[in-house]
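S.K.: Before I ask anything, here is the structure I am working with.
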Amino acid sequence: MIRKERRPGIDIDKVPSPCFVLEEKYLRDNLEILKHVSDQSGAIILCALKGYSMWSSFPLIQRYLEGATASSLNEARLCHEEMGHKAHLCCPVYFEDELDEILSISSHITFNSLNQFERFGKKALEQGLKSAIRINPEFADAPAEMYNPCTPGSRLGVTRAQFGDQLPEGVTGLHFHALCEQNADSLVKALHEVEEKWGEMLYKLEWFNVGGGHHITRIDYDIPLLIETLRNFQDKYDLQVIMEPGEAVGWQTGYLISTVEDIIEANGIKTAMLDVSFSAHMPDTIEMPYKPKVWGARGPGEAPHLYHLGGMTCLSGDYMSGYAFDQPLQIGQKLVFDDMIHYTMVKTTFFNGVKHPSIGIWRENGEFELIKNFGYQEFKAKLS
């Protein structure tokens, strides 16, 4: 499968600001890659809703993937109601008052601890769900501690020392999350750790979920190695592998369109004030942290006009520095933040009551479709 660099095909003058825009053809490209991996390896690939839950695009996703994973009752409902599939559950904790509903709309359930399985496993088994325990392989290749679920003392998953020598009765699967935007070689290392620690127990499983963090749709991802690894693991242990990438579905499929509303200069620093917020609309840029790419911008010293880009909330740190442009920015000029669909829309907030970006799709026929506007009622509904 040949993957090419992506060149945006949208006309930003036809898009309102602020707005998240999905470019439909690039979502299809990603889905075709994931379907290729699934077909060639025999693994089941699901959409992790925690990373991508733009449900207006679910009709397209349904043509390529076999469902979705949920980390909460709300995500399970979204999967069931809008995708038409029962969810694969993997929640850090389950709640007794939600259990009946969440089990009724799910097909698989992973328990984060042996305690949770002891509390709720019997009911899940009685309702016909396939059950797994989340394990901590005590291996991780995550780029930041915040995204490393396998640190010593992690609250996520059961270590080998805690697990015991037998699968709990009724458990037919194991499940881990150990990666974050990693290549196939990291999965190879993680599976090696699992085999070293869990050994003969793997032969007793029906399924094994290798979680997310697989950057399958990135242009340098080693797809042949992934396919070979999945095939070999499934054949060796006679089980079904399940993958649930989030970023691989939405990777480089769209943008956040913004507008320069003001330009402020203080102590020799120019700040372009935008109609979007890093804190409220791109929180990973602060949490990770990382510097998002902006069309036409370069690094300090690479172009003559240097700016901070300022968010519109009152948070002092709601800005990003070091964007240089060939020409001075102008009030009313649109700026485009690249790759803002996965793990971005799902994390937005209404902090400060600021205007929330709309959501739209740039269709494959070259037309823009506005899917959703947000206003006061959405802000009010979040509060009480």
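The values are calculated or read from the model by the stated rules, or taken from the named source; none is laboratory data. Since the structure is predicted, the reported quantities are computational estimates derived from the model, not experimental observations. For neighbour counting, all protein chains shown are included, and Cβ atoms are generated from backbone atoms with ideal geometry for every residue, glycine included.
S.K.: Kindly check whether there is at least one residue in the range 57-76 that is assigned to a loop (DSSP other than H, G, I, E, B) and among the aliphatic types (A, V, I, L, M).
M.R.: We begin by selecting, within the range 57-76, every residue assigned to a loop (DSSP other than H, G, I, E, B); these are 62-67, 71-72.
Narrowing further to those that are among the aliphatic types (A, V, I, L, M): 65.
Checked against the condition, which is being assigned to a loop (DSSP other than H, G, I, E, B) and among the aliphatic types (A, V, I, L, M), the range 57-76 yields at least one hit.
S.K.: Condition test on Ser131, is it over 27 Å from Glu195 (Cβ atoms) and in contact with a His (Cβ under 9 Å, 6 or more places away or on another chain)?
M.R.: no
S.K.: Regarding Gln234, is this residue in a loop (DSSP other than H, G, I, E, B), at pLDDT 95 or above and polar (S, T, N, Q)? Walk me through how you get there before you give the answer.
M.R.: On the way: in a loop (DSSP other than H, G, I, E, B): no; at pLDDT 95 or above: yes; polar (S, T, N, Q): yes.
Judged against the criteria, Gln234 is not a match.
S.K.: Continuing with this model, one more query. Of the conditions (1) over 22 Å from Asp284 (Cβ atoms); (2) of a type outside the set (A, V, I, L, M, F, W, C); (3) part of a loop (DSSP other than H, G, I, E, B), Gln377 fails just one. Which one is it?
M.R.: (3)
S.K.: Applying the selection to the range 263-284, what residues are aliphatic (A, V, I, L, M), assigned to a loop (DSSP other than H, G, I, E, B) and without any contact (Cβ under 8 Å) to a residue 12 or more places away in the chain?
M.R.: Of all residues in the range 263-284, those aliphatic (A, V, I, L, M) come to 263-264, 266, 269, 272-274, 276, 280, 282.
In the following step, the residues that additionally are assigned to a loop (DSSP other than H, G, I, E, B) were identified as 276, 282.
None - no residue of the range 263-284 is aliphatic (A, V, I, L, M), assigned to a loop (DSSP other than H, G, I, E, B) and without any contact (Cβ under 8 Å) to a residue 12 or more places away in the chain, so the list stays empty.
S.K.: Also, I was wondering about something else. Please state which of the following conditions Gln234 fails to meet, knowing it meets all the rest: (1) surrounded by 19 or more Cβ atoms within 10 Å (Cβ to Cβ); (2) of a type in the set (S, T, N, Q); (3) within 22 Å of Ser107 (Cα to Cα).
M.R.: It fails just one condition, (1).
S.K.: Something else: Looking at Ser258, Ser277, Ser316, which is the one that is in contact with a strand residue (DSSP E or B) (Cβ under 6 Å, 6 or more places away or on another chain) and among the small types (Gly, Ala, Ser)? Before you say what the answer is, go through the steps one by one.
M.R.: Numbers: Ser277 fails: in contact with a strand residue (DSSP E or B) (Cβ under 6 Å, 6 or more places away or on another chain); Ser316 fails: in contact with a strand residue (DSSP E or B) (Cβ under 6 Å, 6 or more places away or on another chain).
Of Ser258, Ser277, Ser316, the one residue that is in contact with a strand residue (DSSP E or B) (Cβ under 6 Å, 6 or more places away or on another chain) and among the small types (Gly, Ala, Ser) is Ser258.
S.K.: Looking at Tyr52, Tyr94, which one is outside any helix (DSSP H, G or I), buried (at least 17 other Cβ atoms within 10 Å of the Cβ), touching a residue at least 40 places away in the same chain (Cβ under 8 Å) and not assigned by TED's automatic domain parsing to the domain that holds Lys372? I'd like the intermediate steps shown before the answer.
M.R.: Working: Tyr94 fails: touching a residue at least 40 places away in the same chain (Cβ under 8 Å).
Exactly one of Tyr52, Tyr94 is outside any helix (DSSP H, G or I), buried (at least 17 other Cβ atoms within 10 Å of the Cβ), touching a residue at least 40 places away in the same chain (Cβ under 8 Å) and not assigned by TED's automatic domain parsing to the domain that holds Lys372, namely Tyr52.
S.K.: From the list Thr110, Thr151, pick out the single residue that is surrounded by 12 or more Cβ atoms within 10 Å (Cβ to Cβ), modelled with pLDDT under 95 and of a type in the set (Val, Ile, Thr).
M.R.: None of the other options fit; the residue is Thr151.
S.K.: Could you grab the pairs with beta carbons closer than 8 Å, sequence gap of 6+ or different chains, first residue in the range 118-130 and in the same structural domain as His108 (by TED's automatic domain parsing), second one part of a helix (DSSP H, G or I) and surrounded by 15 or more Cβ atoms within 10 Å (Cβ to Cβ)?
M.R.: Phe120/Leu99; Lys123/Leu99; Lys123/Leu103; Ala124/Leu103; Gln127/Leu103; Leu129/Leu103
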